[in-house]
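Chemist: Could you have a look at this structure, given as structure tokens, before my questions?
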Amino acid sequence: MSSPSPQDTPQNANVGWAWLLFSSLFEITFALSTEATDGFTKLGPSLLTVAAASCGIFTLSMALKTVDVGVGYTVWAGIGAVGTVVFGTLIYDERMTVWKVLAFVLIIGGALGLRISDNIAAKKQAAVEAPSAPAAAQPVA
């Protein structure tokens, strides 16, 4: 017997994607706070890093209940990468280049493409599993 598809309904998929976006915030926090730990010699940033990593993995696991692991992890890592570079530029004065911006556009475009394809697949699956509506009674002439 095969196991059910991770995306039984579009609503479940949307919940999974919400978890994924929430998880990405922890991923960004984890990466940025790691920089501030100074090799894990500063207690506050070190605790924040461990907490963000733990929360990020937990919330990612919640997302993966309804989002395919390949898609979910790819989007999670992509959002984390883009967010880390953007906030790294703002917080740590890292240099922003045209090439970085172009890479962001490609990463975001890929993430949106994965989201759209995931949504289409969930809708098709729901349509296949939905019971057929009874035909309307036709009046006899």
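Chemist: Please count how many residues of the stretch 54-84 are of a type outside the set (S, T, Y), more than 12 Å from F22 (Cβ to Cβ) and open to solvent by 40 Å² or more (accessible area, probe 1.4 Å).
Modeler: Going through the stretch 54-84 one residue at a time, the tally reaches 7.
Chemist: For a quick check of your reading of the model, give me the residue pairs whose first member lies in the stretch 115-141 and is at pLDDT 80 or above and hydroxyl-bearing (S, T, Y), whose second is open to solvent by less than 100 Å² (accessible area, probe 1.4 Å) and not in a helix (DSSP H, G or I), with beta-carbon atoms closer than 8 Å and at least 6 apart or on different chains.
Modeler: Going by the 8 Å Cβ cut-off, there are no qualifying pairs.
The values are calculated or read from the model by the stated rules, or taken from the named source; none is laboratory data. Predicted model only: the values in this text are computed from it and were never measured. Note that we place each Cβ from the backbone using ideal geometry, even for glycine, and neighbour counts take in every protein chain shown. Only protein heavy atoms, including side chains, enter the accessible area calculation; ligands, DNA and RNA are left aside. Shrake-Rupley method; radii C 1.70, N 1.55, O 1.52, S 1.80 Å.
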